[in-house]
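Report on the following structure.
The values are calculated or read from the model by the stated rules, or taken from the named source; none is laboratory data. Keep in mind that what you see is a predicted model, and the values were worked out from it rather than measured. Using ideal geometry, Cβ is built from the backbone for each residue, glycine included, and neighbour counts are taken over all protein chains shown. Surface accessibility is based on the protein's heavy atoms, side chains included, excluding ligands, DNA and RNA. Shrake-Rupley method; radii C 1.70, N 1.55, O 1.52, S 1.80 Å.
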Amino acid sequence: MRKISALLLGLLLLGAPAVQAQKVKTKVKATSAAMSATQGARWSTEKANAWYQGRQWMSGANFIPSTAINQLEMWQADSFDPQTIDKELGWAEGIGFNTMRVFLHSLAWKQDPAGFKKRLNDYLALADKHHIQTMFVFFDDCWNKTYQPGKQPAPKPGIHNSGWVQDPGDPASRDSATFVQLKPYVTDVLTSFAHDKRILLWDLYNEPGNGNKGVASLPLLRNVFAWAQAANPDQPLSAGLWNWDSGFKELNAFQATHSDVMTYHCYDDVPAHERIISLLSTHNRPLLCTEYMARPRNSRFVNMMPLLKKYNVAALNWGLVAGKTNTKYQWDVPIADGSEPNEWFHEVFRPDGTAYHQDEADFIKKMNSK
């Protein structure tokens, strides 16, 4: 997360013009339908705020079981782990978390669409058992650009998210002839779960433009919104803002003016985070912070949860249980021998279910009125 200029963000977001769906330069005759689906399909501010009103304050985490290194290991048939999911969501319920953000992967669907959707349903049943609602994430520009089906690599000692994979990755995310083949995946999942009350919202694209892609991710971003709007799910659609540099002007404008509710990421301290809340609030839509909490950067539960609750902004930190993702280590501070960092970057629980810091877990529980 980068430091933000109030003037810059205002210029990028306030009154940004609506952007139409990207024209795909392929022989597939989907462009006109995609464009018409995008036009006028965004929820009104009244509908968005009505959806948010009356809900209890949302707090939770970005969730992947500790036994999975990435989205493929979570969702492929051979490594799907409902026992660990059940156990770890139980720990989340115990401290009052009521919302999880969970990443999907198109390759897991491509291998076995029916089995993939059954596993989504199995996950949702476990989350619902623990009174937890879910936001699913489709695409992602973060970390490793290539991936393979089957057994996933072991974690690299001391390296944050050493095995996390992008979706669809490079060069597919830049190639319209390739990424248009993802439309059946998005359509199938959305239509299958369009009326599922266990799903809070659909987060269509995590950090578009990351991985040095920049505006090259805009065509896929445009199209996933068009595909999703054409499916017309009951749940809102969003794609979180995360980078406030001038080079992200087009991406930010599209995300801000096409999301039904506003989602964003911020790993900065209280003053910077409060400034983002103030500026995004000008859109008069519900705000959900879908990534925060990096202890060495002074983004902590003790200072961030009160801020977010004060403004009724949903609070989803990165990480629940320390495991194969290695996100207790900092992004840019690897520990070659895999020894314990001086202070954990992310995560709430150790693999045995004990809290990283019990006083921190007690504070989360208090903030969640448990």
How many of the residues making up region 139-165 are among the hydrophobic types (A, V, I, L, M, F, W, C), open to solvent by 70 Å² or more (accessible area, probe 1.4 Å) and more than 18 Å from G319 (Cα to Cα)?
-> 1
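A quick yes/no check of all residues on (1) under 30 Å from N212 (Cβ atoms); (2) out of contact with any Gly (no Cβ under 7 Å at 6 or more places or on another chain):
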{"residue": "M58", "(1), (2)": "no, yes"}
{"residue": "A77", "(1), (2)": "no, no"}
{"residue": "G90", "(1), (2)": "no, yes"}
{"residue": "E93", "(1), (2)": "no, yes"}
{"residue": "K117", "(1), (2)": "no, yes"}
{"residue": "H130", "(1), (2)": "no, no"}
{"residue": "K145", "(1), (2)": "yes, no"}
If you scan region 208-221, which residues turn out to be under 17 Å from the mean Cα position of the chain (by Cα) and either of a type in the set (D, E, K, R) or open to solvent by 30 Å² or more (accessible area, probe 1.4 Å) (or both)?
-> N210
Do we have any residue at all in region 321-329 that's outside any loop (DSSP other than H, G, I, E, B), of a type in the set (F, W, Y) and either within 26 Å of P153 (Cα to Cα) or at pLDDT below 95 (or both)?
-> no
Filtering region 219-259 down to residues that are assigned to a helix (DSSP H, G or I) and in contact with a His (Cβ under 6 Å, 6 or more places away or on another chain) yields F225
May I ask you to say which residue of A114, A127 is of a type outside the set (S, T, Y), modelled with pLDDT of 95 or more and exposed (fewer than 14 other Cβ atoms within 10 Å of the Cβ)?
-> A114
Subset tally (residues that are polar (S, T, N, Q) and open to solvent by 60 Å² or more (accessible area, probe 1.4 Å)) for region 311-344 = 2
Applying the selection to region 53-83, what residues are crowded, with 17+ Cβ neighbours inside 10 Å and either in a helix (DSSP H, G or I) or among the aliphatic types (A, V, I, L, M) (or both)?
-> M58, A61, I64, A68, I69, Q71, L72, E73, M74, W75
How many residues are under 21 Å from P219 (Cα atoms), open to solvent by 10 Å² or more (accessible area, probe 1.4 Å), in contact with a helix residue (DSSP H, G or I) (Cβ under 9 Å, 6 or more places away or on another chain) and part of a helix (DSSP H, G or I) if we restrict to region 166-201?
-> 11
Applying the selection to region 256-296, what residues are touching a Phe, Trp or Tyr at 6+ places or on another chain (Cβ under 8 Å) and either over 20 Å from S59 (Cα atoms) or of a type in the set (S, T, N, Q) (or both)?
-> H258, S281, T290, P296
Residue that is nearest to A177 (Cα to Cα) [pool: residues in region 222-266 that are open to solvent by 10 Å² or more (accessible area, probe 1.4 Å) and of a type in the set (D, E)] | E250
Identify the single condition in (1) part of a loop (DSSP other than H, G, I, E, B); (2) of a type in the set (G, A, S); (3) closer than 26 Å to T187 by Cβ; (4) under 20 Å from the mean Cα position of the chain (by Cα) that A108 does not satisfy, given that it satisfies every other one.
-> (1)
